[in-house]
1. Of the residues 251, 244, 231, only one is under 25 Å from residue 596 (Cβ atoms) and outside the structural domain of residue 42 (by TED's automatic domain parsing); which?
2. In the range 305-314, what count of residues is obtained for those that are outside any loop (DSSP other than H, G, I, E, B) and surrounded by fewer than 23 Cβ atoms within 10 Å (Cβ to Cβ)?
3. Of the residues 575, 585, 589, which single one is surrounded by fewer than 19 Cβ atoms within 10 Å (Cβ to Cβ), over 21 Å from the mean Cα position of the chain (by Cα) and within 30 Å of residue 450 (Cα to Cα)?
4. Output the residues belonging to the range 97-132 that are more than 13 Å from residue 150 (Cα to Cα) and in a loop (DSSP other than H, G, I, E, B).
5. Every residue in the range 701-715 that is closer than 30 Å to residue 687 by Cβ and surrounded by fewer than 16 Cβ atoms within 10 Å (Cβ to Cβ), please.
6. So which of 627, 614 ends up being under 21 Å from residue 742 (Cα atoms), crowded, with 18+ Cβ neighbours inside 10 Å, assigned by TED's automatic domain parsing to the domain that holds residue 579 and within 25 Å of the chain's Cα centre (by Cα)?
7. May I ask you to say which residue of 213, 270, 280 is closer than 22 Å to residue 439 by Cβ and either at pLDDT 95 or above or not in a helix (DSSP H, G or I) (or both)?
8. Going by the conditions given, is residue 145 within 21 Å of residue 56 (Cα to Cα) and either outside any loop (DSSP other than H, G, I, E, B) or over 47 Å from the mean Cα position of the chain (by Cα) (or both)?
């Protein structure tokens with residue numbers, strides 16, 4: 001049986017992902033097999049393992065990695081290979097591991113022509129793995145893992161482990177390995193290529209409460225006085241190992257109340273031992289986290305370069321000197337922000353920033369570090385310096401940032417001269433700030449991430465990629481994709497994302513269930529990206545006339561009354577959880593803990609949260625109507641809260657034998673409760689929602705006193721008290737409904753009677769204990785043409801009655817394309833009638849489907865045939881991905897027209913103000929809602945078939961859907977369901 005399929009096939013690439021001719025013969029597939037064969041090298045066979053041999057003259061990180069490789073081989077096969085230094089144990093063909101120019105063993109192979117290092121020598125972090133015959137005197141054959149530098153060799157060793165079936169997440173998610181009796185390496189010359197992005201890493205950030213509560217208990221007390229412990233050398237050793245298994249090389253360490261260099265004096269030494277490049281975040285210059293400053297206020301004073309320059313300079317000099325003395329391989333952050341990750345208290349003048357960076361550069365010269373890589377990160381307000389003309393020294397890498405929600409804000413201007421320092425990117429999978437923290441579980445849409453990473457790379461951003469991963473755990477899938485893509489963007493076009501997800505699933509759970517697991521994870525990413533779980537009790541609206549944006553933290557963003565929206569999205573989550581549960585039943589016992597962490601918890605937990613919010617907001621709605629079922633919904637919400645607590649309790653007490661004690665404490669339910677948590681409650685996490693108290697559900701549940709007796713209540717689909725939404729043979733929803741409910745405790749008989757025989761109600765009569773939902777349908781074969789209004793009478797106890805109206809629209813026109821119904825036409829972007837020019841399909845990037853982005857072509861546009869029964873003014877709403885204008889232009893634009901009218905150009909940026917670097921309310925709305933919505937008004941002169949055209953103006957626009965409002969669009973978060981097309 002073959003081993004687990006590799007996550008990353010051996011695809012040769014030179015610098016920046018360009019194929020290297022010298023490595024072009026490398027095998028594109030897994031070079032490890034469990035089966036013997038001609039020319040194959042037995043790493044383990046017949047109960048014996050090839051010795052692992054390394055030179056003592058090699059890098060410490062290379063010598064260390066052999067211990068991990070030894071442990072991995074034992075874990076897979078049960079056989080422990082010998083690790084030898086500078087000698088070949090007799091009687092066994094060895095695995096030789098070493099670095100060109102550092103290992104005498106490897107250099108001897110090169111000198112004798114036994115090892116071909118074309119495409120390897122002088123490269124960055126490149127590996128060759130090759131079976132070599134008669135490599136050394138007395139040695140018949142060896143499997144050689146040779147690196148161009150320290151990390152190249154380390155990556156080669158870990159690549160072998162990965163192909164044996166060892167997951168990079170073996171520690172963080174308790175992923176076991178499948179046993180193999182034998183392991184063979186296939187003949188040939190194998191390589192992972194050279195990474196396209198030079199520095200690739202992640203930022204451990206927002207590490208409370210998860211890491212902050214778990215790590216001290218798991219890794220022990222702190223080393224510094226008053227330090228809470230946990231994030232010490234033992235903790236970082238696990239982080240570093242995982243980084244290297246993922247082929248990352250660069251880390252920003254934890255910052256909140258943490259000081260990497262002081263919390264454990266061995267932290268920097270451990271990074272050097274593992275071979276990891278250290279840095280500091282955008283607000284921590286000169287290799288010193290801001291917590292170091294905060295811990296010594298008496299000796300340093302105010303964090304102000306204008307008012308306290310001598311102390312600031314001395315502080316920076318100490319950080320540089322420490323880097324020099326300890327020979328730390330690092331990337332030095334330049335510039336300055338305010339203490340606490342805020343803007344500078346000294347103002348934002350270019351002269352000030354120029355003086356700051358000039359001072360820092362002089363310190364680097366004085367300490368012999370001027371040749372070290374340096375970055376200026378244009379985070380939030382810092383981007384203004386660049387926009388207003390400031391340019392750091394040419395060898396400094398300029399790091400552009402996203403808006404904290406996965407949308408890049410700036411990319412290199414192709415008209416500017418190339419920079420020797422190149423460009424980098426800082427991206428987010430986790431964030432603390434407005435519109436609201438998102439820290440609980442992975443909420444990444446992989447297509448969305450691909451599109452932004454691809455855009456950055458194709459725009460010349462290839463020197464440094466950094467991503468904020470929060471606590472790392474809970475962001476495994478997007479983190480691994482980020483790093484895989486940074487290694488070789490050409491290997492993963494958007495069309496192969498499904499393949500990547502299958503390989504990720506196979507890596508952790510084996511090939512048998514990889515397909516179904518990958519499908520669950522893909523659907524999870526799409527559903528989750530519609531809205532962060534923390535925002536499920538916030539509705540953001542904008543007044544069309546005044547432009548005023550308001551927040552309501554006591555309302556569901558999903559409509560309870562229109563388009564069946566909240567019921568529909570909740571049902572989608574429940575269906576996904578049911579699929580995940582069926583897979584769970586087939587997962588072997590040894591993999592149950594890993595499945596819980598990598599799949600089950602996030603899927604089940606989010607589905608449960610949606611069920612809680614549905615019950616909660618329906619409870620609040622029903623309380624206002626006086627429904628007898630109101631309290632039942634409160635009970636359901638509390639039960640779902642209890643389920644949430646049970647999932648957390650399992651995580652915190654039983655999972656992996658109690659290994660993750662107190663990890664899963666992240667609040668996500670109580671957001672927005674200003675009365676309880678103060679003025680920052682709208683965006684900052686509440687102190688807790690993980691206690692078994694129903695009042696932690698916010699907004700609060702409502703309970704009512706249900707009177708004795710029986711009283712008729714009627715509520716209609718659409719929320720109008722007397723009129724149902726219009727019926728049409730082309731409506732997207734199958735039927736409208738009438739709720740007959742009881743306002744009392746005694747059951748009663750009801751009857752629903754339409755005034756015409758061709759309108760049918762099911763069930764038309766019966767008994768109501770608390771409520772009955774009856775569907776209303778039209779027999780279109782008997783319905784008259786045109787508009788008809790049909791009264792429907794609902795009768796209840798004591799002869800009480802309510803008459804409701806059912807508008808019936810049966811158009812006379814012969815339809816073509818999408819057909820108007822319920823006062824709108826809604827169309828998914830990729831369901832066009834005609835496409836002109838080159839457009840890229842982005843699967844699943846939209847809240848309701850796919851997206852399209854223009855790549856170019858004369859007159860590039862999308863055309864949509866539609867049949868309208870309305871005339872006069874209509875509004876066309878374009879639902880776009882919430883992108884910022886990354887180019888040096890005056891905005892991000894598209895154009896739209898109907899029929900032959902002159903296209904109306906819309907500047908998305910200026911129309912909404914979303915690109916304002918202050919991260920304003922419009923930006924909060926766009927990012928929270930995960931769309932940018934703009935509307936144009938057009939005039940339709942006659943009923944009939946028309947063509948809506950969406951025109952390319954700027955290439956980075958991503959259109960998700962288009963909605964033509966002829967007067968009937970109701971509020972909903974996802975927008976009205978897609979219209980039906982004639983003939984379909």
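The values are calculated or read from the model by the stated rules, or taken from the named source; none is laboratory data. In this text, all values refer to a predicted model and were calculated from it rather than measured experimentally. Cβ atoms come from the backbone with ideal geometry, glycine included; neighbour counts cover every protein chain shown.
1. Working: 251 fails: under 25 Å from residue 596 (Cβ atoms); 244 fails: under 25 Å from residue 596 (Cβ atoms).
Going through 251, 244, 231 in turn, just one is under 25 Å from residue 596 (Cβ atoms) and outside the structural domain of residue 42 (by TED's automatic domain parsing): 231.
2. Total meeting the criteria: 5.
3. Numbers: 585 fails: within 30 Å of residue 450 (Cα to Cα); 589 fails: within 30 Å of residue 450 (Cα to Cα).
Within the list 575, 585, 589, the selection yields 575.
4. 112, 113, 114, 115, 116, 117, 118, 119 - these are the residues of the range 97-132 that are more than 13 Å from residue 150 (Cα to Cα) and in a loop (DSSP other than H, G, I, E, B).
5. 703
6. Matching residue, one of 627, 614: 614.
7. Being closer than 22 Å to residue 439 by Cβ and either at pLDDT 95 or above or not in a helix (DSSP H, G or I) (or both) holds for just one of 213, 270, 280, which is 280.
8. yes
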